[in-house]
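None of the figures in this text is laboratory data; all of them are computed from the coordinates on show. Predicted model only: the values in this text are computed from it and were never measured. Here the Cβ positions follow ideal geometry from the backbone for every residue, glycine too, while neighbour counts run over all protein chains shown.
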Amino acid sequence: MVMVFGLVLAGGIGSRMGNNGKPKQFLMACGKPVIIHTLEKFCINGAFIKIIVLCPSEWVSYTQGLIEEYLSSYKKNIAVASGGNSRNNTIMEGIRYIEDNLHNNLDLDIVSGALHYSKYYLCRIFTKTAGLTIHNYIKRRQLTEAAKLLVFSKKTVIEIAIISGYKSQQAFTDIFKAMYKTSPAEFRKTGKFYPLQLEIQLKNPPSNMDLKKDDIVFATYADVEDWMELASQAADGYPGLDQAAYINKLHQYINLERALILRNGDITSGIMGFSAGTGNIDFLAVHPQYRHLGIEKLFIKKLLDGLLYNREITLTTFRAGDKADTGYREKYCQLGFEERELLVEYGYPVQRFVFNPEKGGI
């Protein structure tokens, strides 16, 4: 999309030498040369637009300032008029820009500048809406794409490091190993790819966000597609998840009424698979847009108040200091879970946690 600002009163088209020694096209208006100045990287309602300004050269900075002020005011008015939907649109603009530039150097300053928003405002609403910071989202998405290239391409590690936005192979190897628990070379040898973070898909939620534990119901086979979509969105909490094996297990959970689902309108807000015999939560995922609403607490209350009445509940999550953890460990500690032994599940180092209802919590 192109927007043109300016007023040409009279004259024609000519050329003159630019600073680089090449001819530069200009127009004549009122006897003065009018520069064709292009402003890039403006984004409005999901569409990236190019703005062309036709004005005398000495007016370019002033005109650009006016346009930026207008666009900022326009976006704020839209935000006030549409409330939460506008915030989602802003985050989706940010996600789209990040996804289109994963192979470039990216940070908060670059993304906020591209979207024409204050970096503090964008950081705050992105974290609240998407469930993690822009910095973490960018890093996890770039490493996920790097892992994909390691398994499915013949590019060298240094090539993949540069494509992923790292300046050296060592810097790339250090962060890759911290997140994937193995070096890029060893990960390639396994021939198995799994994502740290898939692209977040946001939806406009219903106005009623007051969810209760009684809204949680047993999942049915009709829920499998939506269940798996949310499981993919929660890939950050379950590194190395084998989806084919997981679907088979989900069918068993549905048959045994051990699969719980929470919906809010058309959005699957949370899912849980548990084992009645052991009291273990085998899988618990919450939609990114609902992670600040205490959905995990609702599911655990659902177990304690009936399905696993007054029994110990166990689960496994990240070990202390794991850089791949986006906040799961802290959340379970806040709910009253206590640390137990260190384990390795599906080749990944984890720790078991236990909730004892007699000690309170939740």
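Add +1 for every Lys or Arg and -1 for every Asp or Glu among the other residues with Cβ under 15 Å from the Cβ of Gly273, and state the total. Can you show the working numbers first?
On the way: positive: Lys249, Arg258, Lys302; negative: Asp223, Asp226, Asp242, Glu257, Asp282, Glu296, Glu345.
Within the 15 Å Cβ shell, the charges total -4.
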Next on the checklist: How would the range 179-247 be classified by its alpha-carbon gyration tensor: rounded, prolate or oblate, with rounded meaning a/c under 1.5 and the a/b versus b/c comparison settling the rest?
Outcome noted: prolate
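Listing Val111, Val157, Val286 from the residue with the fewest other Cβ atoms within 10 Å to the one with the most, what is the order? Write out the running numbers ahead of the final one.
Values: Val111 24, Val157 19, Val286 27.
So the residues, fewest neighbours to most, are Val157, Val111, Val286.
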Next on the checklist: For a Förster distance of 41 Å, can you work out the FRET efficiency between the beta-carbons of Arg311 and Asp266, rounded to the nearest 0.05?
Outcome noted: 0.75
Next on the checklist: Please state the shape class of the range 193-313: rounded when a/c is under 1.5, otherwise prolate if a/b exceeds b/c and oblate if not, all from the C-alpha gyration tensor.
Outcome noted: oblate
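Between Glu199 and Asp174, how high is the FRET efficiency from 1/(1 + (r/R0)^6) when r is the Cβ-Cβ distance and R₀ = 22 Å? Nearest 0.05. Don't skip to the answer; put the middle values down first.
Details: r = 25 Å, r/R0 = 1.14.
Here the calculated transfer efficiency is 0.30.
From the square roots a ≥ b ≥ c of the eigenvalues of the alpha-carbon gyration tensor of the range 120-234, which class results: rounded (a/c under 1.5), prolate (a/b over b/c), or oblate?
Details: a/c = 3.19, a/b = 1.73, b/c = 1.84.
Cα axes put the range 120-234 in the oblate bin.
Between Lys297 and Glu99, what's the calculated FRET efficiency when r is the beta-carbon distance and R0 is 30 Å? Round to 0.05.
Working: r = 32 Å, r/R0 = 1.07.
Calculated value: 0.40.
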Item to check | Counted charge near Ala219, where neighbours are those whose Cβ lies closer than 12 Å (Asp, Glu -1; Lys, Arg +1) | outcome: -2
Item to check | Charge context of Lys154, other residues only, Cβ under 15 angstrom, K/R +1, D/E -1 | outcome: +3
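Given +1 on the Cβ of Lys and Arg, -1 on the Cβ of Asp and Glu, and no further charges, what dipole in debye does the range 269-344 carry about its Cα centre, rounded to the nearest 20?
On the way: 10 positive and 10 negative charges, 43 e Å.
Computed charge dipole of the range 269-344: roughly 200 debye.
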